[in-house]
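Note sheet for the following structure.
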Amino acid sequence: LPKEVLTSADPITKTALDKLASHMGYQIISQKASIPAELAQGEQLKAAFTFMNVGDAAPKRPVRELDKDVASSYKVMIELKDGAGKSVARILHTPQKKTETWKAGEAVTWEQSLKMPNLPTGEYDATLSIYDPTSDTRINLLDGRTADKTTTQAEIPLGKLKITQSNTASAAPTN
């Protein structure tokens, strides 16, 4: 495209370029992401997700195999942070429908029971991201659960998760 088109002040041209830019590559919207507010130590974390790709390409994580890059899936990560904002746990899983197959305009929904690390009781801030463990990077998402659907962010807040003492405390036998 000529430079004059890209820098045009014409509103119709600007609208068309904005629409084009917003659909190039992949653009992932988190439409639903939920975890329980409370969880006993040793229990699995039951999470539910819905994502939609509104871009034109699937989110493919390139993995180098010998002399070529091969498309692979990103991980979905729930990160737990303590009161000081320090990361204390990263819970990673590969979506049931791998990200490299997420087609434009298609909602991808699943529920997953995730193994939790052994954490002390307390309250943690939980965030959601789509993560590349090889490069330790998060891809930008839109939070479709909020009114502001135009700001991309690497982490989406999920709220607080309270870890309580396990209900399976061993009791002394009685005679």
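The values are calculated or read from the model by the stated rules, or taken from the named source; none is laboratory data. Since the structure is predicted, the reported quantities are computational estimates derived from the model, not experimental observations. Neighbour counts are summed over all protein chains in view; Cβ atoms, including those assigned to glycine, are modelled from backbone coordinates with ideal geometry. Only protein heavy atoms, including side chains, enter the accessible area calculation; ligands, DNA and RNA are left aside. Shrake-Rupley method; radii C 1.70, N 1.55, O 1.52, S 1.80 Å.
Which condition breaks for Glu79 when tested against (1) over 20 Å from Gly159 (Cβ atoms); (2) in a strand (DSSP E or B)?
With respect to (1) over 20 Å from Gly159 (Cβ atoms); (2) in a strand (DSSP E or B), Glu79 is out only on (1).
Could you look through region 110-155, keep only residues that are among the charged types (D, E, K, R) and open to solvent by 70 Å² or more (accessible area, probe 1.4 Å), and pick out the one that is farthest from Phe51 (Cα to Cα)?
Looking at residues that are among the charged types (D, E, K, R) and open to solvent by 70 Å² or more (accessible area, probe 1.4 Å), I get Glu123.
For the structure I just gave you, tell me whether Ala9 is open to solvent by 80 Å² or more (accessible area, probe 1.4 Å), at pLDDT 90 or above and not in a strand (DSSP E or B).
Taking the combined requirement at face value, the residue does not satisfy it.
State whether one or more residues within region 65-74 are open to solvent by 50 Å² or more (accessible area, probe 1.4 Å) and either touching a Ser or Thr at 6+ places or on another chain (Cβ under 7 Å) or within 20 Å of Pro157 (Cβ to Cβ) (or both).
Looking through region 65-74, none of the residues is open to solvent by 50 Å² or more (accessible area, probe 1.4 Å) and either touching a Ser or Thr at 6+ places or on another chain (Cβ under 7 Å) or within 20 Å of Pro157 (Cβ to Cβ) (or both).
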